[in-house]
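I have placed the structure first, in the form of structure tokens, so that the comments after it can refer back to it.
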Number of protein chains: 2
Amino acid sequence: MTHEAGIPLGLKFKLLSDTPQDSAAQVVGDVVVGDHRDLDTLRAFARGCDVITFDHEHVPIEHLRALEADGIPVRPGPDALVHAQDKGVMRERLDAIGAPCPRHRIVADPADAAAFAEEVGGFPVILKTVRGGYDGKGVWFVRSQAEAEAPFKAGVPVLAEEKVDFVRELAANIVRSPHGQAVAYPVVESRQVDGVCDTVIAPAPGLGAELSGQAQELALRIARELGVVGHLAVELFETTDGRILVNELAMRPHNSGHWTQDGAVTSQFANHVRAVLDLPLGDPRPRAPWTVMCNVLGGDYPDMYQGYLHCMARDPQLKIHMYGKDVKPGRKVGHVNTFGDDLDDVLERARHAADYLRGTITE
Amino acid sequence: MTHEAGIPLGLKFKLLSDTPQDSAAQVVGDVVVGDHRDLDTLRAFARGCDVITFDHEHVPIEHLRALEADGIPVRPGPDALVHAQDKGVMRERLDAIGAPCPRHRIVADPADAAAFAEEVGGFPVILKTVRGGYDGKGVWFVRSQAEAEAPFKAGVPVLAEEKVDFVRELAANIVRSPHGQAVAYPVVESRQVDGVCDTVIAPAPGLGAELSGQAQELALRIARELGVVGHLAVELFETTDGRILVNELAMRPHNSGHWTQDGAVTSQFANHVRAVLDLPLGDPRPRAPWTVMCNVLGGDYPDMYQGYLHCMARDPQLKIHMYGKDVKPGRKVGHVNTFGDDLDDVLERARHAADYLRGTITE
């Protein structure tokens, strides 16, 4: 999707990919297959690149520092990216800049987790390994000291967080360039199912101007304080008592911003590459009153072709984005975007297409 | 641009390109460099392709018939494409189906051209080689028998056409699929400078519903009668006496449809590949009251980077599409799209960006 956004800008990408089957490797011209955890591979890859950016956050920070020392611009840079890699570092830094977070601290063992639970009003609490988690992986909802054993098995520090009473989840997506220009997309509502993003509604329905402005300003401040370059997604809780708290950070085009491909004047992918290249940023404003994104998850049936035909025929306005991945149950294999004036209609069309493609419904 | 549109559809392209520097070859993963006029090259290339389509019309018809005989679907097929390759065949067929054309006939030599001029009310007349012309090449505006010598030098049949008194040029863009579904984009106004498309305004300002409907129906009828699959651009004259006459046909995504990338729900490129694959077509309706496309031509200065920065900074809503071509004076190296509610503003912004990128203006 970043390549797609780079084509009109006249950009040429070189891709380091784990396998030749990765989504990006199927469409980018210049692909190197290799391990992003290996410094020699990274160094050989980086030679001749004007700038390096990412579609995930898992390249080791020390390797990125080595590339920077070699003179290769890395955007976002390691000093920023570490906050998206390590939840412990992230929480510490957010506390230091006064960004509102759930109560939290690093816990040493299950007994310490129980002590933390005591401090925040009792179980349940959330335990997270500080590194390596995504889409609900590396996150435990813990009701007792006995249940707090599992997170410690990975040998990675464990962060405990209070269970927040929230109305819904929001995301504030912003893009910041090296010279400090920044744009803020409308704050969206993000609905999760089993810890995986399911639906994003842009803008978040009924969100007041005050809370919306707070969320955008918070994301812009985090980006500035952490020195983020490129796209920053700040995942938020909207609490039952009307506050916003930071849940997670992502420093790359993010699932909560996929709606921008068809719903904003400039997509998150286009603005990410514009930022990475220090080009002036594009207008982040929406093109329709409502845009909805639903993720397409794999179902039991590996061939989506009939569903694909049906959805296109049923809704000629539907925007389908497939990733070229093999279909496996529960795997994100694409997403759909819909837009229009009537939220119920826009939601129904996206929901229907995602469910139909997955095989959950027929008609 | 077709590759860009194919990415969200999960499509993988294989490209036959004249050189590794061609625009498409810079961004498509699987590129074969070879001569599209050589049958062996075409046959080797076509092996394993599900379907073949084009971004120009210059593959010899007999070679396409050979590929079809080999069992490779070619869309649009040679029986349709011949009408876009040979203006003599096109005019004959349009006459046969009663499509309104300028008066015309094949002329044998300059004296015959003079006789034709006599038949249509005198010089000037237009002479065209029936094959090989585009962007004003292969077209002569002829004021006398002496001026009629040049077109005959290529050794290709010459078509004479009356000089039409027209108010402006229009284009009707439609897309048709193998099972006969078709969509019609709004009819646009196309402004030419020195025979090269300069500005496209969607929809054509002030065009009445009757003439607009006539143009769309005409394009749909031509597509059906000629068996076109994919995108068909029908370039039209709007005459001073309120008629429309067919000027040219193009059977591929066309410059007069570039506005659809940012101005329509489904772009011409997306609908072309959907048609070629016999997928249901996408909504062709506009997303804004006005969309304007201006071509970016190369100027005297080969480095457009500063202009590029300036235009992005001046107008964050501007949609720039660069082709990755070396800049040469007068060469089409990209285009810009603008959209909005106010035509004067939308036109000014596109015009300004194209002129600034070319270096015709500074500020």
Original post:
Does B:Phe116 meet the test of being touching a residue at least 40 places away in the same chain (Cβ under 8 Å), aromatic (Phe, Trp, Tyr) and closer than 24 Å to B:Pro178 by Cα?
Top reply: no
Original post:
Applying the selection to region B:37-47, what residues are open to solvent by 80 Å² or more (accessible area, probe 1.4 Å) and either touching a residue at least 24 places away in the same chain (Cβ under 8 Å) or touching a strand residue (DSSP E or B) at 6+ places or on another chain (Cβ under 7 Å) (or both)?
Top reply: B:Arg37, B:Arg43
Original post:
Restricting region B:15-55 to residues that are small (Gly, Ala, Ser) and in contact with a helix residue (DSSP H, G or I) (Cβ under 8 Å, 6 or more places away or on another chain), which is farthest from the other protein chains (Cβ to nearest Cβ)?
Top reply: B:Ala46
Original post:
Out of (1) touching a residue at least 12 places away in the same chain (Cβ under 8 Å); (2) under 22 Å from B:Pro178 (Cβ atoms), the odd one out for B:Gly88 is which?
Top reply: (2)
**OP:** Could you pull out the residue among A:Met293, A:Met322, A:Met312 that is over 20 Å from the mean Cα position of the chain (by Cα), surrounded by 16 or more Cβ atoms within 10 Å (Cβ to Cβ) and under 28 Å from A:Val28 (Cβ atoms)?
**Re:** A:Met312
Subject >> Hits in region B:1-19 (condition: under 23 Å from the mean Cα position of the chain (by Cα) and over 22 Å from B:Asp262 (Cα atoms)) >> reply: B:Phe13, B:Lys14, B:Leu15, B:Leu16, B:Ser17, B:Asp18, B:Thr19
**OP:** Considering only region A:165-183, state which residues are over 24 Å from A:Asp344 (Cα atoms) and either over 20 Å from the mean Cα position of the chain (by Cα) or open to solvent by less than 10 Å² (accessible area, probe 1.4 Å) (or both).
**Re:** A:Asp165, A:Ile174, A:Val175, A:Ser177, A:Pro178, A:His179, A:Gly180, A:Gln181
Original post:
Tell me, which helices (runs of 4 or more DSSP H) wholly within region A:1-69 include 1 or more residues that are at pLDDT below 95?
Top reply: none
Subject >> Filtered residues of region A:324-347 (kept if at pLDDT 95 or above and assigned to a loop (DSSP other than H, G, I, E, B)) >> reply: A:Asp341, A:Asp342
Subject >> Extreme residue, modelled with the highest pLDDT, among residues of region B:296-306 that are open to solvent by less than 70 Å² (accessible area, probe 1.4 Å) and within 14 Å of chain A (Cβ to nearest Cβ) >> reply: B:Val296
**OP:** Take the residues in region B:20-36 that are under 22 Å from the mean Cα position of the chain (by Cα) and closer than 21 Å to A:Pro8 by Cβ, then tell me which one is surrounded by the fewest Cβ atoms within 10 Å (Cβ to Cβ).
**Re:** B:Gln21
**OP:** Run down B:Gly359, B:Gly330, B:Gly298 and say which single residue is touching a residue at least 24 places away in the same chain (Cβ under 8 Å), more than 22 Å from the chain's Cα centre (by Cα) and farther than 25 Å from A:Asn271 by Cα.
**Re:** B:Gly359
Subject >> Residues within region A:244-281 that are closer than 29 Å to A:Val130 by Cβ and part of a loop (DSSP other than H, G, I, E, B), tallied >> reply: 5
**OP:** Kindly establish whether A:Arg351 is in a helix (DSSP H, G or I) and open to solvent by 10 Å² or more (accessible area, probe 1.4 Å).
**Re:** yes
**OP:** Scan B:Pro316, B:Pro284 and give me the residue that is at pLDDT 95 or above, at the interface with chain A (Cβ under 8 Å from one of its Cβ atoms), in a loop (DSSP other than H, G, I, E, B) and on the phi < 0 side of the Ramachandran plot.
**Re:** B:Pro316
**OP:** Filter region A:136-156 for residues that are open to solvent by 60 Å² or more (accessible area, probe 1.4 Å) and either assigned by TED's automatic domain parsing to the domain that holds A:Val234 or part of a loop (DSSP other than H, G, I, E, B) (or both) and give the result.
**Re:** A:Lys137, A:Arg143, A:Gln145, A:Glu149, A:Gly155
**OP:** Kindly check whether there is at least one residue in region B:184-193 that is open to solvent by 40 Å² or more (accessible area, probe 1.4 Å) and either within 15 Å of B:Trp259 (Cβ to Cβ) or in contact with a Leu (Cβ under 6 Å, 6 or more places away or on another chain) (or both).
**Re:** yes
**OP:** Among the residues of region A:53-81, write down those that are over 21 Å from A:Lys14 (Cβ atoms) and open to solvent by less than 30 Å² (accessible area, probe 1.4 Å).
**Re:** A:Ile61, A:Ala80
Subject >> Qualifying positions in region A:326-341 - surrounded by fewer than 22 Cβ atoms within 10 Å (Cβ to Cβ) and under 13 Å from A:Arg287 (Cα atoms) >> reply: A:Gly340, A:Asp341
**OP:** Go through (1) at pLDDT 95 or above; (2) within 14 Å of another protein chain (Cβ to nearest Cβ) one by one and return the number of the condition B:Glu238 breaks.
**Re:** (2)
Original post:
In region A:254-275, how many are of a type outside the set (Gly, Ala, Ser), crowded, with 22+ Cβ neighbours inside 10 Å and away from chain B (no Cβ under 14 Å)?
Top reply: 3
Original post:
Going through region A:201-243 one residue at a time, which ones are assigned to a strand (DSSP E or B) and open to solvent by less than 10 Å² (accessible area, probe 1.4 Å)?
Top reply: A:Ile201, A:Ala202, A:Gly230, A:His231, A:Leu232, A:Ala233, A:Val234, A:Leu236, A:Thr239
Original post:
When you look at B:Gly98, is it over 23 Å from the mean Cα position of the chain (by Cα) and free of Cβ contacts under 8 Å to residues at least 24 places away in the same chain, yes or no?
Top reply: no
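The values are calculated or read from the model by the stated rules, or taken from the named source; none is laboratory data. Since we're looking at a predicted model, the values are computed, not measured. Because the Cβ atoms are built from the backbone with ideal geometry, glycine has one as well, and the counts that use them run over all protein chains shown. Accessible surface is based on the protein model in full, side chains and every heavy atom, while ligands, DNA and RNA are left aside. Shrake-Rupley method; radii C 1.70, N 1.55, O 1.52, S 1.80 Å.
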